[in-house]
Amino acid sequence: MTTPETDAPDSVLIYVHDPMCSWCYGFRPTWKSLKGKLPEGLPVVSLLGGLAADSDIPMPDEMVDYLKRTWDRIESTCGVTFNYAYWDQTPPPPRTTFISCRAVIAAERLAGRGEAFGERIQDAYYTEACNVWDIDVLCDLAEEFGFNRDSFAEALASDDVRAVHDEQRQLAERLQVEGYPSVLLIHNGEAFPIAVRHQGADAMLEDITDLLAEPNA
């Protein structure tokens, strides 16, 4: 889960996401399928964006209603399921996602397991109705996942992990990412957005391979 460096290969596929982005959760099966079909040797870089900065302010009812409708759309579009018991909380949960992004970065830096832990966060949030914006809940998940609780908590709270997240968000902004999930192919020094097609891994693969076949794309 590194960011591209100046000496990186000519072509790199970048995935920008947020574990608390419901469309990213819906896209997960397609993304896993796409990765399994990519041309051999094409590097894949994962960037943690972030939908909402740290906050403890309960969501307004209008936002809760909007997100419930969004989950309905994702279920019908992507074939995934949600646990709507999450919305039974009183007061409503806060709208905050940066901490879950930092948790993925912490897991990556501790053991190279950022992607797997990000999926665990998604499952806990969307299917188990867990408050994955809560530090204690994230530490519980990390401990169940096999991390030392204190080491994970220290990494999660560290300035280093915050700095990495800031760098990844800034890179996403420079790449003109406007929403999550986003997929971009960096080819010969230029960034090409790849249209996200839910349940359309083959079509996305065709877009990528067509661009790779153009030496001066």
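Read-outs: derived from the displayed coordinates by stated rules, not from any lab. Note that the structure is a prediction, hence the values are computed from the model and not measured. Don't worry about glycine lacking a Cβ; one is built from the backbone with ideal geometry, like all the others, and counts go over all protein chains shown.
Whose amide H sits under 5 Å from the amide H of C130, counting only residues 5 or more places off or on another chain, with H placed in the peptide plane?
Distant-sequence amide H within range of C130: Y125.
Taking the Cα centre of each part, how many Å lie between region 101-150 and region 152-169?
First find each Cα centre; the distance between them is then 14 Å.
Hey, what number do you get for the chain at 222 nm if only DSSP H runs of n ≥ 4 count, each worth -39500 (n - 2.57), divided across all residues, to the nearest 500? It would help to have the intermediate numbers written out before the result.
Numbers: 8 runs with 106 residues, N = 217.
My calculation for the chain gives -15500 deg cm²/dmol from helical runs alone.
Check the straight Cα-Cα distances from K37 and name the aspartates and glutamates below 15 Å, setting aside those fewer than 8 residues away within the same chain.
Result set, ordered by chain and number: D202, E206, D207, D210.
Using θ = phi - 60° and the Karplus relation 6.51 cos²θ - 1.76 cosθ + 1.60, list the HN-Hα couplings for region 82-99 in order, rounded to whole Hz, with x at every Gly or Pro.
10, 9, 6, 4, 4, 8, 7, 5, 10, x, x, x, x, 8, 8, 10, 4, 5
Suppose a student asked you for the relative contact order of region 11-212, using Cα pairs under 8 Å spaced at least 6 residues apart; what percent would you report?
Relative contact order for region 11-212 comes out at 32 percent.
Springs between alpha-carbon atoms under 10 Å, Gaussian network over the chain: tell me which of I99, I135, I121 tops the mean-square fluctuations.
For the chain, modelled as a Gaussian network with Cα springs under 10 Å, the answer is I135.
Once the Cα atoms of helix 201-212 and of the chain are each reduced to a long axis, what angle between those two axes, in degrees from 0 to 90 to the nearest 10, is obtained?
For helix 201-212, the angle is close to 40 degrees.
Specify whether the C-alpha gyration tensor of region 32-152 places it in the rounded, prolate or oblate class, a ≥ b ≥ c being the square roots of the eigenvalues: rounded for a/c under 1.5, otherwise prolate if a/b is larger than b/c and oblate if not. Intermediate results must be reported in sequence, preceding the final value.
Working: a/c = 1.97, a/b = 1.25, b/c = 1.58.
Oblate shape, in that a/c is at least 1.5 and b/c is the bigger or equal ratio.
Angle between the Cα long axis of helix 22-35 and the longest principal axis of the chain, 0 to 90 degrees, nearest 10?
Tilt relative to the chain: about 40 degrees.
Give the list, by residue number, of cysteines in the chain with no other Cys Cβ closer than 4.7 Å, or say none.
C78, C101, C130, C139
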